[in-house]
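Written out below as structure tokens is the structure these notes cover.
The values are calculated or read from the model by the stated rules, or taken from the named source; none is laboratory data. All values reported here derive from a predicted model rather than from experimental measurement. Note that we place each Cβ from the backbone using ideal geometry, even for glycine, and neighbour counts take in every protein chain shown.
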Amino acid sequence: MAYGKTEDIVNSIVNYNDILAFQNFMQGGTGVHGVGHFTVSGDPGGDFYISPNEPSFWLHHAMIDRIWTIWHMMGGGRAQSLDDLVDLGVIADTVYPIRDILSSVDGPGPFCYVYE
Ligand SMILES: [Cu+2]
């Protein structure tokens with residue numbers, strides 16, 4: 001059985017109309033995000049710290065960002081507010097409103113990094 005096919009991507013965009021359902025589908029065991037990591041050899045997607053060392057990681061995540069952007073722009077109640085909360089999982093104990101994590105350098109979110 002194959003996962004992460006074009007029809008899965010289209011399905012995630014068209015048929016999951018709220019952010020929780022969309023995220024659960026994307027992140028689920030056979031979701032488009034997860035399978036992208038495990039389909040490409042060399043990307044141990046289960047290892048949060050090593051996975052980004054595989055160059056395909058960045059292409060995969062650019063596509064995930066693209067899917068999210070398309071989903072978001074379809075409207076129909078999909079717009080989010082800067083006050084909506086984001087659970088960053090293993091990288092932060094605090095759940096932040098989106099407005100607090102827009103900057104990677106000057107908080108109040110947990111980030112402190114710049115790309116070279
Ligand atoms: Cu990922």
**Report entry** Selection from segment 77-93 of residues that are assigned to a loop (DSSP other than H, G, I, E, B), of a type outside the set (Lys, Arg) and within 28 Å of Asn17 (Cβ to Cβ)
**Finding:** Gly77, Ala79, Gln80, Ser81, Leu82, Asp83, Asp84, Leu88, Ala92
Report task. Just need a number here: residues in segment 56-104 that are more than 13 Å from the ligand (Cβ to nearest atom) and either more than 20 Å from His37 (Cβ to Cβ) or modelled with pLDDT of 85 or more (or both). Result -> 33
**Report entry** Single residue of Asp65, Asp47 found to be assigned to a loop (DSSP other than H, G, I, E, B), closer than 23 Å to Val90 by Cβ and among the acidic types (Asp, Glu)
**Finding:** Asp47
Query - Residue in segment 50-65 that is surrounded by 11 or more Cβ atoms within 10 Å (Cβ to Cβ), hydrophobic (A, V, I, L, M, F, W, C) and closer than 19 Å to Val14 by Cβ present - result: yes
Report summary line: Flagged in segment 17-41 as within 15 Å of the ligand (Cβ to nearest atom) and of a type in the set (Ser, Thr, Tyr), in numbering order, are Thr30, Thr39
